[in-house]
Structures are given as C-alpha cells and as structure tokens.
Amino acid sequence: MSTTDAPLLQPAGPPAEGTDDERLLHRSLVRRLMSRPELGSVVGAVAVFIFFAIAAEPFLRASSLSTVLYASSTIGIMAVPVALLMIGGEFDLSAGVMVVSSALISSMVSYQMTADNWVGVGVSLVVTLAFGVFNGMLLTRTKLPSFIITLGTFFMLTGLNLGFTKLISGTVSTKSIADMEGFESARAVFASHVTVGNVDIQITILWWIAMVAVATWILLRTRVGNWIFAVGGNADAARAVGVPVTKTKIGLYMGVAFAAWVSGQHLLFSYDQIQSGDGVGNEFLYIIAAAVGGCLMTGGFGSAIGAAVGAFIFGMTSKGIVYAQWNPDWYKFFLGAMLLLATLLNAWVRKRAEDRS
C-alpha cells in the first residue's frame, strides 16, 4: 500500500473556549464544599428530614414543622455561641444551668424588689455576663483546662440556684411575676409569637436566626473571627503574632453568657415561674449540636451555620420521635450516636481539607 493512501494524522485543535476554566471552576467548587465544616451536618439534616417525613405522617404538617423549628431554636440559641467557644478551643459545662440562673435572678429581683420586670431583666444581664467573665478570667489566669473550670462553675451555679431559691422563696420554684409591671412588654421581646395562617412562629426562631447571622459575620468577616480560629488552632502561636488571646477567650465566654441570658428570659416569660433544678444536662445538647455541626473538639475548625444545622437535627429528632409515636427514650441513644459519628466525620473532613490545601 502506498504511504499516500494512509490517513494523515491531523494536529488536535485547541480546546473549546471556556472548557478548561469550567473544569477548574467545578473542581474548585467541589473542593470548597468538601472542606466546609457544616457539610456533614447538612447531609445528616436532609437524611433525618426524609426519614421522619416517611416514618411519621404528621411530620410534614405546617404546625408540626413550626414546633420542630421552635424546639431547634431553643437549642440553637445556645449552640451557636458554644460553637464559637469550641472553635476557640474551649468548653463550657456550666451553660445549661447558667440559663436557669439567669431566669432565677430576673424573677427574684423583680419579685423581691416589687420592681418593674425590666429591672430584673437588666440585673440578670449584668450578673450573667459576670459569670462569663468569671469563667474566662479563671481560665486564662490559672491555665487550667476549661473542662475543670466550667465543671466547677456548673456545680457552683447548681447549688446557688437551689440554695438561693429555697432561702428566698421557701420552695424550689420562684413566685409568679405575671401581674407585675413590664411583664407583657418583656414577654413580647423574649417569649411572643406571630401567627401566620394557622401556624405560630415563636420569637425564639428570630433570635436564633439573628445569632447565626451575627456569629457567621464575626467568624468570616471580622478580625475577631481570625483571632478565634487562631486561638483555637494554637494559642501560643497566636499570642506570638499579636493575637489578644486572653481578651478573645473572655469574650467567647461572655458570648455564651449572653445567649444564656436570652434563653433564660425566654423560659421565665414563657412559663412565668422557674424550677431551680432545671437546666442540668442541657449543656451536652449544646456541645453535641456544635460537634454535629462540624466543630472539632480540639478547636480551630467549625462554623456557626453548622451548629444551627446540628440544632435543627436535634429539633427534628426530638419531635419526629413523638410524631412517629416511638419511645422517647431512644432520643438519648440518638444523641450519643450522633456525637460519635459527627466526631469521626469532622476529623475526616478536616483531614481532607488539610490534604487539599
């Protein structure tokens, strides 16, 4: 056969315009998504939602979803600042009882002084923030682990809640303040709801959204956010480059205290009276929600949005079990299982993010 009969190989033409850019953009987007701390919680939330939508017929009703959001918000208001604290490398085991302390202070100050309820609310804010400052200063001055510091604060506040309530009221619950001046206006701020059609939207949902928005802005758009990540990653290295480690950690504890104040006022103005023994164990809900949302137990990694999604998962689960008419005792099993799975998944996401960077 003549060589002229063989087909000539033509040089490949240039790639279609924009193909490489699109490929790189797609790859970059996938990498960014895979490195996001809230990735696992979002996938988990979708799975839990689909599961209960199938398993519990009432779950998809508008009134049921409103209840789920309310349950999520009561956890989420606290989970968001707890997430910031965990990103900063610390814990707060006193957060649950601090919520009740805040409510008790507000109630007893107003009742004993026969003052406007807003006086009690104001005093409660100052004292609750002081609890946060106490935790932060003790941590930074003594260099003890936050687990030990806040475990001590947990027991101290638990004893104070019970002791002072019995001493002042003679019982383990506070007196009614519903007929005192300022109650209705305070309820409107902390415990009201808006009715849309036949569905009640609780104001705590708005507080929750506001907390997530502010926390996300702080983490991603401010210098303070850089400080939080730096302190959680390596406090000594952060201090060496000029990060105010002490102020950052005290500020994080004050953030948890502020959220405890908001949650405490919601409890008080929702139910009028407070049981002094409540709140014990809730700190674990906040920590687990933050961990499920992508916060590493070792600090330096996580997001406020992830903590909000973690709270939403628990809200769906707690109410979904009821709508499915299952034994609610399984909820505690779910908490432990989610903590273990989330910790493993977050470590894997962090490792992939470090490998790709």
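The values are calculated or read from the model by the stated rules, or taken from the named source; none is laboratory data. Just so it is clear, the model here is predicted, and its values are computed rather than measured. Don't worry about glycine lacking a Cβ; one is built from the backbone with ideal geometry, like all the others, and counts go over all protein chains shown. Side chains are part of the model used for accessible areas, which takes the heavy atoms of the whole protein and leaves out ligands, DNA and RNA. Shrake-Rupley method; radii C 1.70, N 1.55, O 1.52, S 1.80 Å.
Which of the residues belonging to the range 319-348 are of a type in the set (A, V, I, L, M), more than 20 Å from Thr74 (Cα to Cα) and either surrounded by fewer than 16 Cβ atoms within 10 Å (Cβ to Cβ) or over 21 Å from the mean Cα position of the chain (by Cα) (or both)?
Initially, the range 319-348 is screened for residues of a type in the set (A, V, I, L, M), giving 321-322, 324, 335, 337-342, 344-345, 347.
Subsequent filtering for residues that are more than 20 Å from Thr74 (Cα to Cα) retains 324, 337, 340-342, 344-345, 347.
Within the range 319-348, Ala324, Ala337, Leu340, Leu341, Leu344, Ala347 meet the criteria.
Here are Gly277, Gly264: which of them is open to solvent by less than 10 Å² (accessible area, probe 1.4 Å) and over 18 Å from Gly89 (Cβ atoms)? Lay out the reasoning, then the answer.
Values: Gly277 fails: open to solvent by less than 10 Å² (accessible area, probe 1.4 Å).
Among Gly277, Gly264, only Gly264 is open to solvent by less than 10 Å² (accessible area, probe 1.4 Å) and over 18 Å from Gly89 (Cβ atoms).
Suppose the filter is polar (S, T, N, Q), more than 27 Å from the chain's Cα centre (by Cα) and open to solvent by 70 Å² or more (accessible area, probe 1.4 Å); does Asn117 pass it?
no
Looking at (1) surrounded by fewer than 19 Cβ atoms within 10 Å (Cβ to Cβ); (2) over 20 Å from Ala79 (Cα atoms); (3) of a type outside the set (D, E, K, R), which one does Val224 not meet, given that it meets all the others?
Answer for Val224: the failing condition is (2).
Taking the range 26-65, which residues are of a type in the set (Ser, Thr, Tyr), under 26 Å from Trp217 (Cα atoms) and modelled with pLDDT of 75 or more?
As a first pass, look at the range 26-65 and keep what is of a type in the set (Ser, Thr, Tyr): 28, 35, 41, 63-64.
Next cut, under 26 Å from Trp217 (Cα atoms) only: 28, 35, 41.
Residue satisfying the conditions is Ser41 alone.
Can you confirm whether the range 235-247 contains a residue that is within 19 Å of the chain's Cα centre (by Cα), farther than 30 Å from His193 by Cα and open to solvent by less than 30 Å² (accessible area, probe 1.4 Å)?
Looking through the range 235-247, none of the residues is within 19 Å of the chain's Cα centre (by Cα), farther than 30 Å from His193 by Cα and open to solvent by less than 30 Å² (accessible area, probe 1.4 Å).
Is it the case that the range 53-62 has a residue that's of a type in the set (A, V, I, L, M, F, W, C), open to solvent by 50 Å² or more (accessible area, probe 1.4 Å) and closer than 30 Å to Ala257 by Cβ?
no
Here are Phe284, Phe312, Phe301, Phe269: which of them is hydrophobic (A, V, I, L, M, F, W, C) and surrounded by fewer than 18 Cβ atoms within 10 Å (Cβ to Cβ)?
So the residue among Phe284, Phe312, Phe301, Phe269 that is hydrophobic (A, V, I, L, M, F, W, C) and surrounded by fewer than 18 Cβ atoms within 10 Å (Cβ to Cβ) is Phe284.
For Tyr253, are the conditions met, namely being out of contact with any Leu (no Cβ under 8 Å at 6 or more places or on another chain) and of a type in the set (Phe, Trp, Tyr)?
No.
Kindly indicate which of Ser101, Ser106, Ser124 is modelled with pLDDT of 95 or more and either assigned to a loop (DSSP other than H, G, I, E, B) or farther than 30 Å from Leu144 by Cβ (or both).
On the way: Ser101 fails: either assigned to a loop (DSSP other than H, G, I, E, B) or farther than 30 Å from Leu144 by Cβ (or both); Ser124 fails: either assigned to a loop (DSSP other than H, G, I, E, B) or farther than 30 Å from Leu144 by Cβ (or both).
Sole residue among the options that is modelled with pLDDT of 95 or more and either assigned to a loop (DSSP other than H, G, I, E, B) or farther than 30 Å from Leu144 by Cβ (or both): Ser106.
Considering each of Thr153, Thr174 in turn, give the residue that is at pLDDT 95 or above and open to solvent by less than 30 Å² (accessible area, probe 1.4 Å).
It is Thr153.
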